[in-house]
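Notes follow the structure.
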Amino acid sequence: MSTTTPAASPNDLRTYLGWAIASAVLCFLPTGLVSVYFAWKSQQALESGDNEAAAAMARRARRWFIGTVIIGGVLELLLLAVLMVLGAFGG
């Protein structure tokens, strides 16, 4: 039994470049840039016709962009909690 999945057709592949850029700008830049890099490499592989590499890089980009959103959300909640403790919103 093989555990590898067949390479998707070029029309089915997503590079997640837009999501990676958005997560880098809006959430957490350091990990967002890693996501942008893998999405860009996926786009390059897709343009050169290497669907397997494009799919692998797209999976990496997706993982990094999801991680970026999670890290950004946690940091925002932490910042909000610190500001509340310090009384920034009190009257």
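All of the numbers you see were taken from the coordinates with simple rules; none came from a lab. On a predicted model such as this, the values are computed, not experimentally measured, just so you know. Don't worry about glycine lacking a Cβ; one is built from the backbone with ideal geometry, like all the others, and counts go over all protein chains shown.
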Read through the labelled values (1) 55, 22, 11; (2) 37, 13, 8; (3) 30, 12, 11 and report the label of the one computed as semi-axes √(5λ) of the Cα gyration tensor in Å from the structure.
-> (2)
Virtual spin-label span in nm between Arg63 and Trp40, 7 Å along Cα→Cβ = 2.1 nm
Can you give the calculated 222 nm mean residue ellipticity of the chain, where each DSSP H run of n ≥ 4 adds -39,500 (n - 2.57) and the sum is split over every residue, rounded to the nearest 500 deg cm²/dmol?
-> -25000 deg cm²/dmol
Counting alpha carbon pairs within less than 8 Å and at least 6 residues apart, what relative contact order, in whole percent, applies to the chain?
-> 30 percent
Mind ordering 40-53, 16-29, 68-81 by average Cβ neighbours within 10 Å, highest first?
-> 16-29, 40-53, 68-81
